[in-house]
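J.: One structure coming up, written as structure tokens, with questions to follow.
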Amino acid sequence: MNSYRDYRVRLRLRSPLGTPMLADTLFGHLAWEVARREGPEGVSTFLEPFLAGEPPFVLSDAFPEGLLPRPMLPTGRIPGDAESREAYARIKQVAKAPFLSVPDFLEVVTDPSRAPEPVPSPWRTVKTPRASIDRGTWTTTPGGRFFETESLALAAGEAATGDGSRGLDVYLRAREGWEERALTLLRWVAKTGFGRDRSVGLGEFVVEGLEPLGDLFTGVAGADGFVSLSSWVPAAGDPVEGRWRARVKRGFLGEAAGGGNPFKRPLVQLEPGSAMRTGSPPRPCYGRMVRHIAPGMPEAAQYGFALAVPCRWR
């Protein structure tokens, strides 16, 4: 695949996440680590191939251990085709399922007509009570208040270890030598934590290792489309025929950006599982870096590449 190789990086969560671990947010943390350790010239060199549309590695979103997003491929089946009320409910359940096991995912990208057993999301919302302090009385009254913050945790299951923790899988498609570079950056991020409220213990994880995947994602005969494992932003010239779900993301600059306007412009992303028809064997990745994303930091760019898994469209 044009000198790219596929890997799975297993992360072990040690606390809930204040911020979902999406590909673009994860990449942003890697870039800030480069900036902190190597300075402006180092991060400029690091970002150069990404900005040129030739990424040396591509990241997926982080998925619960052993799961992948349900491909949004056309199956040719609609609820009206159901022969009974139970069959109708089954088709609707499959249509809404967020995840499949890895073997079932591989089965569907090879044969989209298959409808394997859906997997309920193991993500759970955790609410933590907090209090703001009135600076005049140094108590929660009269001007203070109680409130709650929300974070994400993984429900324990078969994939959990003896201490109750559960893993996340991040998939990496990298050119030779860049897999170790990406792994080192992830370990740097693990030392400081990920996302919102990491200063109070959220987003704590450890990197367990790097597993080569061989041709796990590239052995689809007759592939004429792809399924994205990343939250991504299509580039001009990317395929336009497909099935997808979009989200509007309103992000912030990292705290290392300093003062000024911390807000990014709203960004439309396609979610993981989105499927596009290419008509021929797909490229290893699609998408682009989005420039001019932050008025308060004109040089900032948002990661928007898709790790593309080949599939058969029908």
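Just so it is clear, none of the values below were taken in a lab; they were calculated from the coordinates. Since we're looking at a predicted model, the values are computed, not measured. In this analysis, Cβ positions are derived from the backbone assuming ideal geometry, glycine residues included, and neighbour counts consider all displayed protein chains.
J.: What is the fewest-to-most order of Asp134, Asp61 by other Cβ atoms lying within 10 Å of their Cβ?
T.: Fewest-to-most Cβ neighbours within 10 Å comes out as Asp134, Asp61.
J.: Beyond 17 Å, what percent of the Cα pairs of the stretch 18-128 remain?
T.: Across the stretch 18-128, Cα pairs with separations above 17 Å total 68 percent.
J.: Here's something else I'd like to know. Within 10 Å of each residue's Cβ, count the other Cβ atoms and sort Cys311, Cys285 from fewest upward.
T.: By the 10 Å Cβ count, ascending, the order reads Cys285, Cys311.
J.: Now, a different point. Pull out the extension gain between Thr184 and Glu148, defined as 0.36 nm times the separation in residues minus the alpha carbon to alpha carbon distance; nm, one decimal.
T.: 9.5 nm
J.: Now a separate question. In whole Å, largest first, what are the principal axis extents of the Cα atoms in the chain?
T.: Result for the chain: principal-axis Cα extents of 68, 50, 39 Å.
J.: Step through the table entries Lys92/Lys191; Lys96/Lys191; Lys92/Lys249, compare each Cα-Cα distance with 31 Å, and write down the pairs that go over it.
T.: Where the Cα-Cα span goes over 31 Å, the pairs concerned are Lys92/Lys191; Lys96/Lys191.
J.: Go ahead and set up a Gaussian network model of the chain, Cα springs under 10 Å, then flag whichever of Thr140, Thr25, Thr278 fluctuates most.
T.: Of Thr140, Thr25, Thr278, the Gaussian network model singles out Thr140 as fluctuating most.
J.: On the Cα set of the stretch 210-270, report Rg and Dmax in Å, please.
T.: Calculated on Cα positions, Rg and Dmax stand at 17.3, 52 Å.
J.: If you wrap the stretch 112-268's Cα atoms in a convex hull and average its projection over all directions, what's the area in nm²?
T.: Taking a quarter of the hull surface, the average projection is 15.5 nm².
J.: Also, I was wondering about something else. What is the spread of the Cα atoms of the stretch 12-62 along each of their three principal axes, largest first, in whole Å?
T.: So the extents along the principal axes, rounded to whole Å, are 34, 23, 15.
J.: Taking the Cα-to-Cβ direction at Arg135 and at Ala89 and moving 7 Å from each Cα, how far apart do the two end points lie in nm?
T.: The answer from the label model is 5.7 nm.
J.: With a sphere of radius 14 Å drawn around the Cβ of Ala174, what net charge do the other residues whose Cβ falls strictly inside it have (Lys, Arg +1; Asp, Glu -1)?
T.: Neighbourhood net charge equals -1.
J.: So which helices of the chain fit the span-like rule, where a helix is a whole DSSP H run, its Cα atoms reach 15 Å or more along the axis, and its mean Kyte-Doolittle is at least -0.5?
T.: The qualifying helices are 23-51, 178-192.
J.: What is the calculated FRET efficiency for Asp224 to Glu48, with r their C-beta to C-beta distance and R₀ = 35 Å, to the nearest 0.05?
T.: 0.60
J.: Over all directions, the average projected area of the alpha-carbon convex hull for the stretch 171-260 comes to how many nm²?
T.: Result: 9.5 nm².
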